[in-house]
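To keep things clear, I will list the structure first and then write my remarks on it.
FYI, it's all coordinate maths here, none of it is from the lab. Since the structure is predicted, the reported quantities are computational estimates derived from the model, not experimental observations. Using ideal geometry, Cβ is built from the backbone for each residue, glycine included, and neighbour counts are taken over all protein chains shown.
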Amino acid sequence: MISREAIQKELIKCRKIKTRLTRQLKELPDNTLFTKLEHGKPRLYTYSNGKPLYLSQNSFPVFAEIATGKILRFLLEQLSVNISSLENLSSEYTPLPEMFQLENISPALRDLRYSIKGTVAESSWNDQLLRYLQEEFLPAQQGRITERDIYIWRSIKYEGNPYRPEQKIHQTPGGIYVRSKSELLIATHLEYMDIPYRYEAPLVLEGNTVYPDFSILRPADHKLIYWEHMGMLGDFDYAQKASMKLMQYFQCNIRPYDNLITTYDDNGTLDMAHIEQITNTMLLY
C-alpha cells in the first residue's frame, strides 16, 4: 500500500543517494571515449590533459573510471526524475485508505446535500445516504465485504448433510442444530462474534461432495474458511474417514493455516479459550 509516509521515505532516500552520487562524480574525470582507425583496426582512445590517450588492454582502470562516470550521470538523471515525480506525488496523491473515507468525499457529499436542501426528502435521505455510503458503497469500493453481501450469503438455501440427521440434537442460539457439544461451542462463538457460517453445507471437490462441519465467510476479505472438528478419532473407522476427507482437502488446495481449520476432541478437551484463540487468529484479522 502506498502511503504519504512511504512516499516521504522514498523521497528522502533518493535525495541522499543523489547527494552521494554527485559527490562521487566530482572526483572522476569527465572524459569521453572515441576510436581511431589505425592499420585497418579501431583503437580505443580517451583524452588526457586535452590530448588523445590510447587505452591498451592494460588500461582497464582508466576505462572503469570513465564507465563509472557515465553510469553515475545516467543514474543521477533518473534520480532527478524520481525526486521530481515523488515531490509531485507527495502533494497530489491520495492514499487509497484515505480516498474511501467520508472526509475525502465531503465536497461531493456537500453538493448532493445542497441539491436536496429544502425538499421533503432532505431529512430522511441525508441519513439514508450516510448509512449507504458507510455500510455499502465505500466498503465495496475497497473490495471489502458489505452487510448486504453477508446477508445474501447467509440467505442462500442449501441442502445440508443427509447423513443421520437425527444426530443433530444440539441447538445454537441462532437456531442451528449441530451434532456435538463441541460443535455447539464453535457455532455459538461464531454467532456471538457475528461471523457468518454454514453448518454442513455441501462442497464439491473433484466431483465428490463433502460436507465441512463449518463453511465460514471471513468478513475481512470474503475468503471461505472451512472448519473441521474431529471428535471421535479414537474410533478407527471415523479416523480413517476423517483422514481421507483431509486428503481430499489437501489435493484441492484447502490447507491448514490458509483456508482450513482443524480441531480435535477425543475426550472432551475442546474448550472456549481454544476456540477464541483460533477465531482471533484465523477469522478476525
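Observations, loosely collected:
- DSSP bridge analysis restricted to region 147-284 gives an antiparallel fraction near 65%, rounded to the nearest 5.
- Note on the chain: GNM, Cα springs under 10 Å; of LEU76, LEU55, LEU217, the largest mean-square fluctuation is that of LEU55.
- Flagged links, alpha-carbon separation over 32 Å, of LYS13/LYS36; LYS9/LYS70; LYS223/LYS245: LYS13/LYS36
- Counting beta carbons within 10 Å around each of TRP227, TRP125 and listing the fewest first gives the order TRP125, TRP227.
- Remark: the Cα gyration tensor places region 147-284 in the rounded category, a/c being less than 1.5.
- Selection from GLN277, SER90, TRP227, by position along the positive dipole direction of the chain (Cβ): SER90
- The ranking of THR262, THR279 from fewest to most other beta carbons within 10 Å of each one's beta carbon is THR262, THR279.
- Comparing mean-square fluctuations of SER91, SER80, SER56 from a GNM of the chain with C-alpha springs under 10 Å, the top value falls on SER56.
- Cα-based helix-to-principal-axis angle, 106-115 vs the chain, degrees rounded to 10: 60 degrees
- Given the chain, longest segment not containing exposed loop trypsin sites (Lys or Arg not before Pro) (DSSP; at most 11 other Cβ within 10 Å): 158-285
- Among ILE71, ILE225, ILE169, the largest mean-square fluctuation in a Gaussian network model of the chain, built with springs joining Cα atoms closer than 10 Å, belongs to ILE71.
- From least to most packed, judged by other beta carbons within 10 angstrom and beginning with the fewest, LEU28, LEU79 follow the order LEU28, LEU79.
- Which label in (i) 1.28; (ii) 0.99; (iii) 0.96 gives the computed Rg/Rh (Cα atoms, Kirkwood Rh): (i)
- Antiparallel bridge percentage (DSSP; both residues within the chain; nearest 5): 80 percent
- GluC sites (Glu not before Pro) lying in DSSP loop within region 72-131, provided at most 14 other Cβ fall within 10 Å: GLU103
- Calculated mean residue ellipticity at 222 nm for the chain: -15000 deg cm²/dmol, from DSSP H runs with n ≥ 4 weighted as -39500 (n - 2.57), summed, divided by the residue count and rounded to 500.
- Whole-angstrom gap from region 217-285 to region 58-121, using each part's C-alpha centre: 45 Å
- Relative contact order for the chain, counting Cα pairs under 8 Å that sit 6 or more residues apart, in percent: 11 percent
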